[in-house]
Amino acid sequence: MTFTVAIVGRPNVGKSTLFNRLVGRRLAIVHDMPGVTRDRREGAATLLGMEFQVIDTAGFEDAHDDSIEARMRHQTDTAVASADVVLMLIDARAGVTPLDAHFAEYLRKQKTPVILVANKCEGKAGAPGMYESYGLGLGEPVPFSAEHGEGLADLFDALRPFA
Ligand code: GDP
Ligand code: MG
């Protein structure tokens, strides 16, 4: 019995870096959907001994046509719907952007519970963005650094209720 975690957020916030950290070399499946340049990746994750399935996504822009953006959005929809919990990442160094707000609004309308992760929080440069992210209405952000592996224990605590 395991649970599934979807990693979502706008491009460049560190989703794939987090995915790689959680999955390491145990990457099981690469979904290369025809026509989608950025594939959805899924793998078996381990976080401080806790095991779960994790889905990486490409992030989306709003789109109402058949464009790559529309298909990326479809990919995010599918990942969110099939997950037990969503990790929404922001780049705390960049602060909250309009696209982050758009993602948060979208996620608040979905049934899947969301954990907000303020990535790139190593050092002090992420602190203002982390506090700003309370305004997204997704609850308390988990300060994190996917690149440096900081915040793993806090992420563990946030995910534990879903295990
Ligand atoms: P994605 O588009 O959301 O999948 O983002 P990526 O995982 O591809 O990362 C985008 C960029 O952010 C890359 O240059 C990463 O090295 C960088 N990055 C990811 N995590 C961190 C972090 O914790 N701190 C910093 N400073 N950079 C990070
Ligand atoms: Mg990525």
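The values are calculated or read from the model by the stated rules, or taken from the named source; none is laboratory data. In this text, all values refer to a predicted model and were calculated from it rather than measured experimentally. For neighbour counting, all protein chains shown are included, and Cβ atoms are generated from backbone atoms with ideal geometry for every residue, glycine included.
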Of the residues 151, 139, which is at positive phi, touching a Pro at 6+ places or on another chain (Cβ under 7 Å) and at pLDDT 95 or above? 151
Of the listed residues (116, 107), the one being at pLDDT below 95, in contact with a Leu (Cβ under 9 Å, 6 or more places away or on another chain) and of a type outside the set (Lys, Arg) is 107
Could you tell me which numbered condition residue 100 fails, if it satisfies all but one of (1) within 25 Å of residue 52 (Cα to Cα); (2) within 16 Å of ligand 2 (Cβ to nearest atom)? (1)
Would you mind telling me which numbered condition in (1) closer than 24 Å to residue 92 by Cα; (2) at pLDDT below 80 residue 27 fails? (1)
Can you give me the number of residues within region 112-130 that are surrounded by fewer than 21 Cβ atoms within 10 Å (Cβ to Cβ) and more than 16 Å from the chain's Cα centre (by Cα)? 6
Determine which member of the set 135, 129 is in a helix (DSSP H, G or I), over 17 Å from residue 14 (Cα atoms) and of a type outside the set (Val, Ile, Thr). 135
Looking at (1) farther than 22 Å from residue 47 by Cβ; (2) within 16 Å of ligand 2 (Cβ to nearest atom), which is the only condition residue 90 fails? (1)
Every pair of residues 6+ apart whose Cβ atoms lie under 7 Å, when the first sits in region 74-98 and is in contact (Cβ under 8 Å) with a residue 60 or more places away in the chain and part of a helix (DSSP H, G or I) while the second is surrounded by 15 or more Cβ atoms within 10 Å (Cβ to Cβ) and among the hydrophobic types (A, V, I, L, M, F, W, C): 76/8; 76/60; 79/6; 79/8; 79/55; 80/6; 80/8; 80/86
Name the residues in region 116-161 that are of a type in the set (A, V, I, L, M, F, W, C) and away from ligand 1 (no atom under 16 Å from the Cβ), would you? 136, 138, 156, 158, 159
How do the pairs read when you match residues in region 1-15 that are closer than 11 Å to residue 54 by Cα and touching a residue at least 40 places away in the same chain (Cβ under 8 Å) with residues anywhere that are assigned to a loop (DSSP other than H, G, I, E, B) and among the hydrophobic types (A, V, I, L, M, F, W, C), using Cβ under 7 Å and keeping only pairs 6 or more apart or on different chains? 3/163; 4/83; 5/83; 6/83
Mind listing whichever residues of region 114-126 are more than 14 Å from residue 13 (Cβ to Cβ) and basic (Lys, Arg)? 124
Inter-residue pairs, beta-carbon under 9 Å, first under 12 Å from residue 88 (Cβ atoms) and assigned to a strand (DSSP E or B) and in region 139-150, second within 16 Å of ligand 2 (Cβ to nearest atom) and not acidic (Asp, Glu), 6+ apart: 142/87; 142/117
